[in-house]
Amino acid sequence: MSSTFDVAVAKSRTIGRPRGPTGISVVALTGEKKGALVSHEGQGLTGLESPAFAHSCTVGTRNCPSFVSRGFESSAKDAGSGSGHCISSSSSSSMTRRRSACEMRIATLFLLVLCSGYLSAIQAQLSPTFYAATCPNLERIARQWFSIGVLNALTAPAAILRLSFHDCSVNGCDASVLLNAGRGNTDEKASSLNLGISNLQVIDGIKTAVERQCPGVVSCADLLVLAARDAVSLSGGPRMTVQLGRRDGTTASTSAADSQLLPPTASVDRVLSTFSQMGLTPMETVALLGSHTMGVGHCDSIKNRLYPQLDTTLSQNPFFAQNLKRQCPASFSNPNTVVANDITNIVFDNQYFRDVQGRRGLFSIDDAIRTDARTSGFVRQFAVNRQLFFSTFQTAYNKMAAHRVLTGTQGQIRKNCRSIN
Ligand code: HEM
């Protein structure tokens, strides 16, 4: 059996020279579990059944319209608590004051109900079957052309999964990362935090094939999510059901990427707060970071851990540290030299968490989640429970991929993913 050292050395390589046989096995692998769908569809109407509304409508068995017209009594005891009941009449001025207070509360309730219905309706526009009528073969075409892309570029699965994360991180999942500079836009890919972003041609290939069958229908933002989904399943990860119906943005900005993408040295605080803005729990955030089970990192992204001296964790693991230093010497001879993210970096599995636990996480953030009290328990759980990792990852990915999406008539459906129409 190879030692960690042997395996890690074997996986160190330089971009542009992928090794054939290992890459082919990426395509041969299949996911084992079907994912639970995280669907927001249909939630648009549930506002009418929200606890606040149901409560106000059922008190005293009155139906809602007459309840609204007859006012709403609220005693000092329960004022502000949301409880109360309807009264039949009032003549005193205090009654009149109470009555108008009641009417205010009812109006507020209606506004809340309307707002929750409106927000849910936006979410409801994303659906796994969004293109069922307009592009029925979409998923088959996308998967077929993604597989062809992988055969031409074995680094594609990891690259596309990261690309999808970087798209969603900068002003939402709107395919802005694919846009080239021009027509008032600057290039997000030019940000130093997009170091190593690659394989965009795979999305171009899928887009061309999809446009042939369903012209002007499917957004680049959705194609990126579908490709990321296929990247995960073709590498042995969960077969996820993803939401569709995003539209493409018309703006892109290098400085937005500079300020919104996370550096490898980001603190656990910053990472948790960034993902909580996308609706992710700490457990889901740790699962999403499990994406580092795939792919590589440039020496530049880990030099802070090696020089001028080893960080605390690496100094406790001299064998691993020595190996990293050998691959990434103090003055890198080739800036494209990369190191494997985990020791099975072409497979989507839970090895990343075992590596992190064994103090072999690659980036500072990978090591930080091992020791932070808010995340360390999940690292331990995922290290021993692959199924838990897979199911949490699916939920997490779908939440991230719904972040600030454009829907309905917003944005556009680009004809070419690299430029606005
Ligand atoms: C939470 C904070 C995160 C940080 C700080 C971070 C940082 C990084 C860095 C520095 C690299 C290496 C870039 C290079 O040197 O080439 C990388 C690679 C990668 N990241 Fe992350 N990442 C984070 C979260 C994520 C998430 C949420 C995903 C996916 C959903 C992801 C997927 C990947 C993948 C697949 C790679 C390998 C890319 C390749 O081989 O081309 N990362 N990440």
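Segment THR312..VAL217, full-extension length gain: 29.0 nm, with 0.36 nm per residue of separation and the alpha-carbon distance subtracted. The fewest-to-most ranking of HIS292, HIS298 by surrounding Cβ atoms within 10 Å reads HIS298, HIS292. Based on C-alpha pairs under 8 angstrom that are at least 6 apart in sequence, segment 151-289 has a relative contact order of 31 percent. Peptide packing: for 325-335, 257-267, the average count of neighbouring Cβ atoms within 10 Å per residue gives the ranking 257-267, 325-335, highest mean first.
For the peptides 272-278, 144-150, the ranking by packing is 144-150, 272-278, with the highest mean count of neighbouring Cβ atoms within 10 Å listed first. Summing +1 for each Lys or Arg and -1 for each Asp or Glu among the other residues whose beta-carbon sits under 13 angstrom from that of ASN416 gives +2. For segment 311-421, the square roots of the Cα gyration tensor eigenvalues, ordered a ≥ b ≥ c, give a/c of at least 1.5 with a/b no greater than b/c, which places it in the oblate category. Neighbour counts of other Cβ atoms within 10 Å put CYS220, CYS168, CYS299 in the fewest-to-most order CYS299, CYS168, CYS220. Full extension of the segment from LEU195 to SER259, taken as 0.36 nm per residue of separation minus the current Cα-Cα distance, would add 21.6 nm.
Pairs with C-alpha atoms separated by more than 29 Å, drawn from the list LYS207/LYS325; LYS189/LYS415; LYS207/LYS399; LYS303/LYS415, are LYS207/LYS325; LYS303/LYS415. Here the extension length gained between GLN410 and THR371 equals 9.8 nm, from 0.36 nm per residue of separation less the Cα-Cα distance. The ranking of HIS166, HIS403 from fewest to most other beta carbons within 10 Å of each one's beta carbon is HIS403, HIS166.
We did not get these values from a lab; they are worked out from the coordinates using the rules stated. No experiment lies behind these values; they were computed from the predicted model shown. So basically every Cβ, Gly included, is an ideal-geometry build from the backbone, and we count neighbours across all protein chains shown.
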